[in-house]
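> I'd like to ask some things about the structure below.
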Amino acid sequence: MEKPSIAEIREEAQEKFGLMPGFFEETGSYTTAPAAVYLIADEALLKGVLTRREQQAVLIELARYHNSRYDAVVHARMALDAGVPAQTVGHLLDGEAVDDDRLQALVEATRLSCERRAWFSPNELKELRQRGVQRGDLYEIFAFTGMKKMTAFTHHISDFSVEAPLRPLDKRMGDRFQQPADPKRQRLFMG
Amino acid sequence: MPAPSETEYNRSVAMAEAYYGLVPEIIKVVNKENPAVAQIYIAAMELMEDGELADDEREAVILAISRYNDCHYCARTHAALGYAAGLSKEDIEAINRGHLPESERLKAVVQATRLILDKSGWLDEEDLSQLNDRGITRMHLYEINALISLKTLSNYINHVAQTKIDEGLDQLFPIMAEINQEGWAEAPDKTNV
């Protein structure tokens with residue numbers, strides 16, 4: 001599969017999202033591979049096992065976990081558009097429990113996946129299964145986790161802007177998801 | 001939950017056979033449950049081969065991420081693929097033990113990968129400047145992030161699925177018999193979780 005040109009990325013993004021996302025614009029100046037990977041994943045997951053609402057709840061949790069304001073704004077908007085109630089979106093952004101049991105189970109599975117790098121114990125897997133979170137759900141959560149690490153880490157490095165149509169929602173976010181004053185390394189290797 | 005459609009399942013199998021020449025165990029375990037995810041992995045990994053990173057740099061990054069996540073399966077499959085892409089046996093052994101490869105270029109790529117992972121992408125101006133002095137540009141950083149995306153997916157799947165190593169890997173890649181795998185990530189049943 002050949003890597004697309006920036007013009008092809010722009011055309012596909014415009015068709016799909018109605019605009020060129022800041023993530024694509026920033027990375028596309030250097031390499032089109034990240035945008036192309038994102039577009040492949042986004043398209044494939046239209047045929048995933050999670051519903052649109054469930055996907056957006058997972059994505060908000062991932063934005064929150066990775067402290068990515070850009071992703072939080074984008075997925076708050078998409079969650080609202082997918083029919084997630086505004087109050088639920090607010091709870092998700094703040095890491096608070098939500099009333100919908102299915103969404104809550106998926107959010108907890110997402111958080112645990114990130115915290116443990118998916119090293120679940122057999123009991124944790126059993127408990128998730130009992131709450132309706134199956135392997136197919138977990139694998140989709142992992143796909144989203146990868147995608148959001150890519151966008152969040154890129155945003156942390158380059159601090160690209162939220163797209164103009166999303167700026168009113170960005171303002172309503174208040175002071176959520178700011179850069180930590182002194183980000184520490186979490187895990188050191190000999191290298 | 002409805003079973004994955006046969007059409008999508010078969011599509012993933014065809015994609016895997018076209019790209020790898022076989023259906024790797026990781027694709028088998030994912031495809032049973034969620035063909036969309038299997039298709040992302042195959043298509044996106046193929047696309048990354050056409051990225052700006054040199055082949056050996058890309059494989060060094062993949063090994064560094066897989067070591068970070070302690071993935072037994074990716075450590076071994078990408079040891080084989082890394083050797084085919086130009087990494088030395090010694091470099092593969094070193095990265096899979098959390099150490100560094102020999103050359104300055106690969107050392108810088110591996111250290112950049114670990115830094116991004118350790119700091120969740122919060123690289124400051126000093127980090128960026130030091131990396132840039134060593135030849136690590138935004139292009140490298142953004143492709144490393146894309147590889148982190150794909151390896152997070154595969155590493156996490158392998159933890160949950162306890163994916164078995166593909167039969168015949170040693171025959172396909174004879175170098176595997178010569179590589180010392182001591183100190184590499186082990187399958188979940190041998191690890192304290």
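> Kindly establish whether A:GLU61 is buried (at least 24 other Cβ atoms within 10 Å of the Cβ) and in contact with a helix residue (DSSP H, G or I) (Cβ under 9 Å, 6 or more places away or on another chain).
Criteria met by A:GLU61.
> Kindly state which helices (runs of 4 or more DSSP H) lie completely within the range A:114-191 and contain at least 3 residues that are surrounded by fewer than 20 Cβ atoms within 10 Å (Cβ to Cβ).
It comes to A:122-130, A:167-172.
> Within the range A:25-53, take every residue that is in a helix (DSSP H, G or I) and farther than 15 Å from A:MET147 by Cβ and give me the one that is nearest to the other protein chains (Cβ to nearest Cβ).
Residue satisfying both the conditions and the ranking: A:LYS47.
> Then there is this: Looking at the range B:130-164, which of the residues that are buried (at least 18 other Cβ atoms within 10 Å of the Cβ) and farther than 30 Å from A:ILE157 by Cα is farthest from the other protein chains (Cβ to nearest Cβ)?
Going through the qualifying residues, I end up with B:THR163.
> (1) in a loop (DSSP other than H, G, I, E, B); (2) more than 13 Å from chain A (Cβ to nearest Cβ): which one isn't true of B:LEU53, the others all being true?
(2)
> While we're on this one: Mind checking which residues of the range B:94-113 are surrounded by 21 or more Cβ atoms within 10 Å (Cβ to Cβ) and in contact (Cβ under 8 Å) with a residue 40 or more places away in the chain?
Within the range B:94-113, B:ASN96, B:PRO101, B:LEU106, B:VAL109, B:VAL110, B:THR113 meet the criteria.
Yes/no per residue for (1) among the small types (Gly, Ala, Ser); (2) out of contact with any Gly (no Cβ under 6 Å at 6 or more places or on another chain):
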{"site": "B:LYS32", "(1), (2)": "no, yes"}
{"site": "B:PRO35", "(1), (2)": "no, yes"}
{"site": "B:ILE42", "(1), (2)": "no, yes"}
{"site": "B:LEU47", "(1), (2)": "no, yes"}
{"site": "B:ASP56", "(1), (2)": "no, no"}
{"site": "B:SER66", "(1), (2)": "yes, yes"}
{"site": "B:LEU81", "(1), (2)": "no, yes"}
{"site": "B:ALA94", "(1), (2)": "yes, yes"}
{"site": "B:LEU100", "(1), (2)": "no, no"}
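> Continuing with the same structure: Considering only the range A:168-186, state which residues are aliphatic (A, V, I, L, M) and modelled with pLDDT of 80 or more.
Listed by number, the residues that qualify are A:LEU169, A:MET173.
> Another question, if that's okay. Are any residues in the range A:105-115 within 12 Å of chain B (Cβ to nearest Cβ) and touching an Asp or Glu at 6+ places or on another chain (Cβ under 8 Å), and if so, which ones?
Of everything in the range A:105-115, those that are within 12 Å of chain B (Cβ to nearest Cβ) and touching an Asp or Glu at 6+ places or on another chain (Cβ under 8 Å) turn out to be A:ALA109, A:THR110, A:LEU112.
> If you go through the range B:64-82 one residue at a time, do you hit one that is part of a helix (DSSP H, G or I), within 10 Å of chain A (Cβ to nearest Cβ) and over 24 Å from B:ALA187 (Cβ atoms)?
no
> Tell me yes or no: at least one residue of the range A:80-95 is part of a helix (DSSP H, G or I), within 14 Å of chain B (Cβ to nearest Cβ) and in contact with a helix residue (DSSP H, G or I) (Cβ under 9 Å, 6 or more places away or on another chain).
No: zero hits.
> Could you grab me the full set of residues in the range A:18-47 that are crowded, with 16+ Cβ neighbours inside 10 Å and within 20 Å of A:ALA76 (Cα to Cα)?
Listed by number, the residues that qualify are A:MET20, A:PRO21, A:GLY22, A:PHE23, A:PHE24, A:TYR38, A:LEU39, A:ALA41, A:LEU45.
> Take B:ARG76 and decide whether it is more than 24 Å from A:THR32 (Cα to Cα) and crowded, with 22+ Cβ neighbours inside 10 Å.
So B:ARG76 passes the test.
The values are calculated or read from the model by the stated rules, or taken from the named source; none is laboratory data. All figures in this text were calculated on a predicted structure; none of them were measured in a lab. Reconstructed Cβ throughout: ideal geometry from the backbone, glycine too, with neighbour counts over all protein chains shown.
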